[in-house]
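In what follows, a single structure is set out as structure tokens and then discussed.
Nothing in this text is a laboratory measurement; each read-out follows from the coordinates by a stated rule. For clarity, every value in this text was computed on a predicted model and none was experimentally measured. Glycine gets a Cβ as well: all are built from the backbone with ideal geometry, and neighbour counts include every protein chain shown.
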Amino acid sequence: MAEKEREAERVKKQREAEQHAAEEKAEQAKRDAEEQAAAARRQEMLDLAATFEADVGSVVSKISGAASDM
């Protein structure tokens with residue numbers, strides 16, 4: 001009987017360890033996905049800022065050119 005109890009305890013501990021490993025893996029996957037999403041948002045903001053800067057520069061150049069023509 002004691003051997004069955006030891007085996008049951010071993011199986012229980014193994015299941016707990018496997019469950020813990022699965023939870024850790026899921027948490028790591030979630031962190032990775034969040035980091036990728038944050039990096040994508042940063043890149044989108046940088047792209048938007050670069051486009052905005054180019055557009056503003058173009059407007060300033062046109063206004064400056066028009067003012068010079070006056």
Result of the Cβ filter at 6 Å on segment 6-19, keeping first residues that are without any contact (Cβ under 8 Å) to a residue 24 or more places away in the chain and partners that are surrounded by 10 or more Cβ atoms within 10 Å (Cβ to Cβ) and part of a helix (DSSP H, G or I), at least 6 apart or interchain, is none
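Going through R10, R15, R41 one at a time, which residue ends up being under 16 Å from the mean Cα position of the chain (by Cα), assigned to a helix (DSSP H, G or I), charged (D, E, K, R) and surrounded by 10 or more Cβ atoms within 10 Å (Cβ to Cβ)? Working first, answer last.
Details: R10 fails: under 16 Å from the mean Cα position of the chain (by Cα); R15 fails: under 16 Å from the mean Cα position of the chain (by Cα).
After applying the criteria, what remains is R41.
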